[in-house]
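Working notes for the structure below.
The values are calculated or read from the model by the stated rules, or taken from the named source; none is laboratory data. Just so it is clear, the model here is predicted, and its values are computed rather than measured. Using ideal geometry, Cβ is built from the backbone for each residue, glycine included, and neighbour counts are taken over all protein chains shown.
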């Protein structure tokens, strides 16, 4: 029974990596999102969660659109009810 669960977990992780990898590739090719010293960090992924990092609301919307289109192409449905948006603004004095 435990081995079945481990195998199921490994299969689930493999499937998630394949599907999410497709979405990540689309985001990287679009070159939207944040970069640090030339390294793309516009998309951070942990398990089946995706964090999108963008310097502007417009770019963030384009990234969301890319995720939606890429997900539609491979039959991924993103849960719009399970989301969070954080806006950081530098206050000029």
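For the range 60-73, which residues satisfy the criterion of being within 19 Å of residue 88 (Cα to Cα) and in contact with a strand residue (DSSP E or B) (Cβ under 9 Å, 6 or more places away or on another chain)?
Step one: of the range 60-73, the residues within 19 Å of residue 88 (Cα to Cα) are 60-64.
Answer for the range 60-73, where residues must be within 19 Å of residue 88 (Cα to Cα) and in contact with a strand residue (DSSP E or B) (Cβ under 9 Å, 6 or more places away or on another chain): 60, 63, 64.
Counting only residues that are within 9 Å of the chain's Cα centre (by Cα) and surrounded by fewer than 12 Cβ atoms within 10 Å (Cβ to Cβ), the range 47-59 holds 1 of them. Every condition in (1) surrounded by 15 or more Cβ atoms within 10 Å (Cβ to Cβ); (2) modelled with pLDDT of 90 or more; (3) closer than 28 Å to residue 12 by Cα is met by residue 69 except one, and the failing one is (1). Within the range 55-75, residues that are in contact (Cβ under 8 Å) with a residue 40 or more places away in the chain reach partners that are surrounded by fewer than 12 Cβ atoms within 10 Å (Cβ to Cβ) with beta carbons closer than 7 Å, at six or more positions or on different chains, in the pairs 71/77. Figure legend. Inter-residue proximity from the range 19-40: first residues free of Cβ contacts under 8 Å to residues at least 60 places away in the same chain, second residues surrounded by fewer than 10 Cβ atoms within 10 Å (Cβ to Cβ), beta-carbon distance below 9 Å, spacing 6+ or different chains. Indicated pairs: 19/75.
Candidates 23, 28: the one that is closer than 21 Å to residue 86 by Cβ and either modelled with pLDDT of 75 or more or assigned to a helix (DSSP H, G or I) (or both) is 23.
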